[in-house]
Amino acid sequence: MRKIYVTLVVVLAMAFGVKAQEGFSVGPFIGVPVADGGDFATFSLGFDATYQFAIADKFSVGPSLGFSHSFGDTYYGFDYDDTQFVPIAGAGRFYINEMFTVGLDLGYAVGINDGNDGGVYYRPMFGYNINEKIQLNASYRGVRSSYDNVYYDGYGYYSRSVDWNFGILSVGAMFSF
């Protein structure tokens, strides 16, 4: 009788084990700009939306779309404008167990404000699943780009390539439907 009971418990545990979450999720985030973004922005707000397709028991992939708004700062007496991005990416999620998720979004962030050309978007994330519908997460959102800077030094005009990384350390929540 004991073997039957143990076998039943193991089968039920496997049946209700971790399954990759599939479906639509949306949620807000707040963050602090870091890297080059920390030089001219104070804090950030935004939202993410993703649709995940389960491709294995613990792994899912799908498209991701979002919006981030970073509020401009005064830096060395110069007032910087707000910075907005619309990241369009592919998202992968690995479900460690029922409570913890790690993931990575890769794509391109379209710059919305004037003078913002956007760049390569990447977002490593760590999530804590409160239940099947709500996840709290922490992530680093980076937009990496380069542009040609033309400047005058008193003798002539020069051009140089400038690499920059607009980063945001963020915390947020995702709500699944």
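The values are calculated or read from the model by the stated rules, or taken from the named source; none is laboratory data. Computed from a predicted structure; not experimentally measured. Neighbour counts run over all protein chains shown; Cβ positions are idealised from the backbone, glycine included.
Pairs only if they're at least six apart or on different chains, beta carbon under 7 angstrom, first in the range 89-101 and over 16 Å from residue 130 (Cβ atoms) and without any contact (Cβ under 8 Å) to a residue 60 or more places away in the chain, second surrounded by fewer than 17 Cβ atoms within 10 Å (Cβ to Cβ) and of a type in the set (Lys, Arg); list them, first residue then second.
Matching pairs, first to second residue: 94/58.
Answer yes or no: is there a residue in the range 132-145 that is over 14 Å from the mean Cα position of the chain (by Cα), under 25 Å from residue 37 (Cβ atoms) and hydroxyl-bearing (Ser, Thr, Tyr).
The first filter runs over the range 132-145 and keeps only residues over 14 Å from the mean Cα position of the chain (by Cα), leaving 132-134, 145.
Next, only the ones that are under 25 Å from residue 37 (Cβ atoms) stay: 145.
Now restrict to residues that are hydroxyl-bearing (Ser, Thr, Tyr): 145.
Yes, the range 132-145 has at least one match.
Please work out which one of (1) loosely packed, with under 14 Cβ neighbours inside 10 Å; (2) out of contact with any Asp or Glu (no Cβ under 8 Å at 6 or more places or on another chain); (3) of a type in the set (D, E, K, R) is the condition residue 114 fails and give its number.
Of everything listed in (1) loosely packed, with under 14 Cβ neighbours inside 10 Å; (2) out of contact with any Asp or Glu (no Cβ under 8 Å at 6 or more places or on another chain); (3) of a type in the set (D, E, K, R), residue 114 misses just condition (2).
Only residues in the range 112-123 that are part of a loop (DSSP other than H, G, I, E, B) count as the first member; pair them with residues that are hydrophobic (A, V, I, L, M, F, W, C), Cβ under 8 angstrom, at least 6 apart or cross-chain, and list the lot.
Correct list of pairs: 112/85; 112/86; 116/85; 118/85; 118/109; 118/110; 118/143.
Based on this model, can you work out whether residue 128 counts as within 18 Å of residue 23 (Cα to Cα), more than 11 Å from the chain's Cα centre (by Cα) and assigned to a strand (DSSP E or B)? Quick ask: steps written out before the conclusion?
Details: within 18 Å of residue 23 (Cα to Cα): yes; more than 11 Å from the chain's Cα centre (by Cα): yes; assigned to a strand (DSSP E or B): yes.
Taking the combined requirement at face value, the residue satisfies it.
Step by step: first the residues of the range 156-177, then only those that are at pLDDT 75 or above and among the aromatic types (Phe, Trp, Tyr), then the one that is nearest to the chain's Cα centre (by Cα). Which residue is that? Explain how you work it out, then say what you get.
Of the range 156-177, the ones at pLDDT 75 or above are 163-177.
The next check asks that each one be among the aromatic types (Phe, Trp, Tyr); those that pass are 164, 166, 175, 177.
Values: 164: 18, 166: 13, 175: 15, 177: 19 Å.
Ranking the qualifying residues of the range 156-177, first place goes to 166.
List every residue pair whose Cβ atoms lie under 6 Å apart, where the two residues are 6 or more positions apart in sequence or sit on different chains, the first residue falls within the range 155-166 and is within 16 Å of residue 111 (Cα to Cα), and the second residue, located anywhere, is at pLDDT 70 or above and not hydroxyl-bearing (Ser, Thr, Tyr).
From the range 155-166, the pairs are 164/36; 165/35; 165/36; 165/142; 165/144; 166/36; 166/37; 166/143.
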